[in-house]
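**Q** Sharing a structure with you now.
The values are calculated or read from the model by the stated rules, or taken from the named source; none is laboratory data. Computed from a prediction, not measured in an experiment: that's the story for all the values here. Every residue, glycine among them, receives a Cβ derived from its backbone with ideal geometry; neighbour counts consider all protein chains shown. With ligands, DNA and RNA removed, areas are computed over all heavy atoms of the protein, side chains included. Shrake-Rupley method; radii C 1.70, N 1.55, O 1.52, S 1.80 Å.
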Amino acid sequence: MLKIYNSLSRKVEEFIPLNPPKVGVYTCGPTVYDFQHIGNFRTMIFSDILLRTLMANNFDVKSVRNITDIDDKIIKAAKEKNLGIEEFSSEFTTAFFNDLGKLNILPVDVSPKATEHVTKMVKYIEVLIKKGLAYIEDDGSVYFDISKFPNYGKLSGLEKRQLKTGTRILSDEYSKEDVQDFALWKSISPSEVGYDSPWGRGRPGWHIECSVMSQEYLGETLDIHAGGIDLLFPHHENEIAQSEGYTGKPFANFFVHGEHLLVEGAKMSKSLKNFYKLSDLEDKGFEPLSYRYLVLTAHYRDKLNFTWESLQAAQNALNNLREIVRGWDEPKIGCAEFEQRFMQAINNDLNTPTALAVMWEMIKSDYPASAKAASILKMDKVLGLKFDGYVGKQIEIPDNVKKLVDQRENVRESGDFELSDKLRKEIKGLGYELEDTSKGPRIKKLIT
Ligand code: AMP
Ligand code: ZN
């Protein structure tokens, strides 16, 4: 049984989809005005683990993650560079997909772009106006009237008295205090990037994008809506108001939020300039997968403080694991006991730290290597650490090392242990270690 924490009920609940085995999951994607930082990718890894867990539970998953390719920040930055918005943002969209690949985040089924759904957004807003849930201002902007939606605040638990009805927020930027009517459509001057609408030229607000694109591909009610915790209010609250106002049905049965990546106690963010890109990690010699491992060592609902030491520890753990699994035989029937415990951990609100601990316990257990090999490959379907490239696969040994190993074998057989030791040290100096086994010497790459 899969249990997930639902931000709507503030409880861990059993996950049951609307139409089993089908499951529809929507994750809020990036705003492509710059490169994504590893904080953003923590949320993407969390969403990937959620999708992989659903698949491991034999659900038939349809996943959607949008690309916000139009908003105030994109328009401002593109203008500064004298570029069209598509020309400007495509570099960041491409980089985003590249980085997802490096982190072994599985491709989603649909990656809709906001700019390609503007006509649908206009139609959606027209319905909200007709239903009396939205109003048009003199300047041609359209706002959602939160006083007309009685359930406003149900996700974030806002007290009604905090609502400043009748006051409005136009910007895509927001603060927790902005509990007020929000823009569905923003009127703009003719020189700005925009689209025609019944209310004049303008562009859609950020929240309407996600309501329209999620329902377009997943239907009126989503099984799960995921995103970073900072999106809970107002973004997801506003998505609920728009979507439930539009359909009269529940928008999502589960809202699942991932906690932040911190640096020295503060949220990693562009505005604080305390962020690292994935390429910054690579420039320091770390593999992107070491970051994925690091993220898995924390529960998704706990904050994770990023340090270079913890990343080094994750890289070492990954290197060690690879060396261990190389020594294993062909996968055969797995260790049922550990596989079961692993799934129990992951099905308990995606508890990856416990799942990793179970995996290590299995590695150290007395089960035959072939059984461990089979089990780790199964576990890796959820973890996504790419062990399939290592299990039972010997490393490529350079010719000069091979020669020294052969030479040492001969010397050892002849009983010259002093020279044999010297050769072993020479091999070590080249980054390889020898282990004498009953089947002959085994060569391991030294982990630095
Ligand atoms: P953005 O590009 O700012 O719209 O963010 C894309 C996603 O990354 C959203 O789901 C955010 O909640 C998430 N995010 C932003 N900063 C962090 C952080 N420091 N840790 C985890 N997730 C984050
Ligand atoms: Zn969204």
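**Q** Please work out if Lys378 is over 30 Å from Asn104 (Cα atoms) and either among the basic types (Lys, Arg) or crowded, with 16+ Cβ neighbours inside 10 Å (or both).
**A** no
**Q** Being of a type outside the set (Gly, Ala, Ser), within 30 Å of Glu337 (Cβ to Cβ) and outside the structural domain of Ile346 (by TED's automatic domain parsing) narrows it down to one of Glu409, Glu413, Glu435, so name that one.
**A** Glu435
**Q** OK, next. Could you pull out the residue among Ile105, Ile169 that is in the same structural domain as Lys11 (by TED's automatic domain parsing) and modelled with pLDDT of 95 or more?
**A** Values: Ile169 fails: modelled with pLDDT of 95 or more.
Going through Ile105, Ile169 in turn, just one is in the same structural domain as Lys11 (by TED's automatic domain parsing) and modelled with pLDDT of 95 or more: Ile105.
**Q** Keeping to the stretch 316-366, report how many residues are part of a loop (DSSP other than H, G, I, E, B), within 30 Å of Phe286 (Cβ to Cβ), open to solvent by 10 Å² or more (accessible area, probe 1.4 Å) and not polar (S, T, N, Q).
**A** Of the residues in that region, 3 qualify.
**Q** To continue, here is another question. If you go through the stretch 69-102, how many residues are modelled with pLDDT of 95 or more, over 29 Å from Asp223 (Cβ atoms) and open to solvent by less than 30 Å² (accessible area, probe 1.4 Å)?
**A** Result for the stretch 69-102: 4.
**Q** Could I ask something else about it? Looking at (1) assigned to a strand (DSSP E or B); (2) charged (D, E, K, R); (3) without any contact (Cβ under 8 Å) to a residue 40 or more places away in the chain, which is the only condition Glu86 fails?
**A** (1)
**Q** Still on this model: Output the residues belonging to the stretch 28-48 that are within 16 Å of ligand 2 (Cβ to nearest atom), farther than 22 Å from Asp380 by Cα and not aromatic (Phe, Trp, Tyr).
**A** Correct list: Cys28, Gly29, Pro30, Thr31, Val32, Gln36, Asn40.
**Q** List every residue pair whose Cβ atoms sit under 9 Å apart, with the two residues 6 or more apart in sequence or on different chains, where the first one lies in the stretch 391-412 and is at positive phi and the second, anywhere, is open to solvent by 90 Å² or more (accessible area, probe 1.4 Å).
**A** Hits for this filter: Gly392/Glu330.
**Q** Any idea which of (1) within 13 Å of ligand 1 (Cβ to nearest atom); (2) open to solvent by 10 Å² or more (accessible area, probe 1.4 Å) is the one Glu220 doesn't satisfy?
**A** In the conditions (1) within 13 Å of ligand 1 (Cβ to nearest atom); (2) open to solvent by 10 Å² or more (accessible area, probe 1.4 Å), Glu220 misses (1) alone.
**Q** Yes or no: Glu259 within 23 Å of Ala317 (Cα to Cα) and modelled with pLDDT of 95 or more?
**A** In short, no.
**Q** Consider the stretch 410-439. How many of its residues are open to solvent by less than 60 Å² (accessible area, probe 1.4 Å), within 30 Å of Pro331 (Cα to Cα) and more than 44 Å from the chain's Cα centre (by Cα)?
**A** Taking the stretch 410-439 first, the residues open to solvent by less than 60 Å² (accessible area, probe 1.4 Å) are 411, 415, 420, 423, 427, 431-432, 434, 437.
Adding the requirement that they be within 30 Å of Pro331 (Cα to Cα) leaves 431-432, 434, 437.
When the remaining residues are screened for being more than 44 Å from the chain's Cα centre (by Cα), the result is none.
Result for the stretch 410-439: 0.
**Q** Taking the stretch 212-234, which residues are near ligand 2 (Cβ under 9 Å from one of its atoms) and within 25 Å of Glu14 (Cα to Cα)?
**A** If the condition is that a residue be near ligand 2 (Cβ under 9 Å from one of its atoms) and within 25 Å of Glu14 (Cα to Cα), then Ser214, His225, Gly227, Leu231 are the ones that fit.
**Q** For the subset of the stretch 49-74 comprising residues that are in a helix (DSSP H, G or I) and more than 14 Å from Val23 (Cα to Cα), which member is farthest from ligand 2 (Cβ to nearest atom)?
**A** Ile49
**Q** Right, next: Across the stretch 236-252, what is the total count of residues that are surrounded by fewer than 19 Cβ atoms within 10 Å (Cβ to Cβ) and either in contact (Cβ under 8 Å) with a residue 60 or more places away in the chain or within 12 Å of ligand 1 (Cβ to nearest atom) (or both)?
**A** Going residue by residue through the stretch 236-252, those that are surrounded by fewer than 19 Cβ atoms within 10 Å (Cβ to Cβ) are 247-250.
Checking which are either in contact (Cβ under 8 Å) with a residue 60 or more places away in the chain or within 12 Å of ligand 1 (Cβ to nearest atom) (or both) leaves us with none.
Qualifying residue count for the region: 0.
Residues checked against (1) within 16 Å of ligand 2 (Cβ to nearest atom); (2) under 18 Å from the mean Cα position of the chain (by Cα); (3) open to solvent by 30 Å² or more (accessible area, probe 1.4 Å):
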| position | (1), (2), (3) |
| --- | --- |
| Gly265 | no, no, yes |
| Lys277 | no, yes, yes |
| Gly285 | no, no, yes |
| Ser290 | no, yes, no |
| Tyr300 | no, yes, no |
| Lys303 | no, yes, yes |
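**Q** Is at least one residue of the stretch 194-212 more than 23 Å from Ile240 (Cβ to Cβ), β-branched (Val, Ile, Thr) and touching a strand residue (DSSP E or B) at 6+ places or on another chain (Cβ under 8 Å)? So that I can check it myself, show each step before the final result.
**A** Quick first cut of the stretch 194-212, residues more than 23 Å from Ile240 (Cβ to Cβ) only: 194-202.
Now narrow it down to the ones that are β-branched (Val, Ile, Thr): none.
No, because not a single residue in the stretch 194-212 is more than 23 Å from Ile240 (Cβ to Cβ), β-branched (Val, Ile, Thr) and touching a strand residue (DSSP E or B) at 6+ places or on another chain (Cβ under 8 Å).
**Q** Looking at Asn66, is it farther than 22 Å from Ser187 by Cβ, in contact with a Gly (Cβ under 6 Å, 6 or more places away or on another chain) and either in the same structural domain as Asn19 (by TED's automatic domain parsing) or surrounded by fewer than 22 Cβ atoms within 10 Å (Cβ to Cβ) (or both)?
**A** Yes.
**Q** Which one is farthest from ligand 1 (Cβ to nearest atom), of the residues in the stretch 20-35 that are touching a residue at least 40 places away in the same chain (Cβ under 8 Å) and more than 24 Å from Ile240 (Cβ to Cβ)?
**A** If we take residues in the stretch 20-35 being touching a residue at least 40 places away in the same chain (Cβ under 8 Å) and more than 24 Å from Ile240 (Cβ to Cβ), then Phe35 is farthest from ligand 1 (Cβ to nearest atom).
**Q** Which residues, counting only those in the stretch 213-256, are part of a strand (DSSP E or B), among the hydrophobic types (A, V, I, L, M, F, W, C) and touching a helix residue (DSSP H, G or I) at 6+ places or on another chain (Cβ under 9 Å)?
**A** Leu222, Ile224, Ala226, Ala252, Phe255, Val256
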